[in-house]
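Trainee: Quick one: the structure is below, and I'll ask about it shortly.
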Amino acid sequence: MSPLKIYFAGSIRGGRQDAAFYREIINILRTKGEVLTEHIGHNGLSPDGETGMSDYKIYQRDTAWLASSDIIVAEVTSPSLGVGFEVSMAVGLGKPVLCLYRPRPGTRLSAMIGGCPEVNVIEYLNPEDLIGKLDSFFGSFLRKAE
Ligand code: 6K6
């Protein structure tokens, strides 16, 4: 059986303050399948970084990866237009969507994510806490897919 293709989404131009969390989450997700977007966790990826790729090329590449994936996992604590767009696109394509969110005083998850029946949301405190929650989510996800 081919490995589960996981599209991981996390803020880039929305701000890189959670990049260390993205790296840890990607490492956990790699135990569940193939992560198509490992670059989201890279240290060198800054909001204004020069990549040599036009925005159009980035859009084409990422939307093609998203369309080819089996599941989208988005870290949504740090609000990002691009991540919101990807979540909405995944819902439109009928893909399973899992959003990961760290609740913090004074902020709330967008109602467009938390209120969407097609979006699964896992709240977590830190990567250690998330390991068990992802084990349980992917355990039941893979059982249903069988
Ligand atoms: C490097 C430095 C700045 O920009 C880059 C290259 N940009 C991107 N490379 C790869 N994926 C991108 C890029 N910009 C946006 N995305 C996609 O949108 C990713 O899949 C992220 O999940 C999401 C981030 O959106 P923003 O609005 O926070 O940038």
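The values are calculated or read from the model by the stated rules, or taken from the named source; none is laboratory data. Every value quoted in this text rests on a predicted model; they were computed, and no experiment measured them. Heads up, the Cβs are rebuilt from the backbone with ideal geometry, glycines too, and the neighbour counts pull from every protein chain shown. Heavy atoms of the whole protein, side chains included, go into the accessibility calculation; ligands, DNA and RNA do not. Shrake-Rupley method; radii C 1.70, N 1.55, O 1.52, S 1.80 Å.
Trainee: Can you tell me how many residues within segment 24-55 are near the ligand (Cβ under 7 Å from one of its atoms) and more than 24 Å from Gly132 (Cβ to Cβ)?
Mentor: Restricting attention to segment 24-55, the residues satisfying the condition of being near the ligand (Cβ under 7 Å from one of its atoms) are 37, 39-40, 45-49, 51, 53.
Subset that is more than 24 Å from Gly132 (Cβ to Cβ): 39, 45-49, 51, 53.
Adding up the residues that qualify gives 8.
Trainee: Test Val91 against the stated conditions and say whether it is surrounded by 19 or more Cβ atoms within 10 Å (Cβ to Cβ), touching a residue at least 24 places away in the same chain (Cβ under 8 Å) and at negative phi. Before the answer, list the steps.
Mentor: Values: surrounded by 19 or more Cβ atoms within 10 Å (Cβ to Cβ): no; touching a residue at least 24 places away in the same chain (Cβ under 8 Å): yes; at negative phi: yes.
So Val91 fails the test.
Trainee: I'd like to verify a number: residues in segment 1-15 that are open to solvent by less than 50 Å² (accessible area, probe 1.4 Å) and out of contact with any Gly (no Cβ under 9 Å at 6 or more places or on another chain), how many?
Mentor: 2
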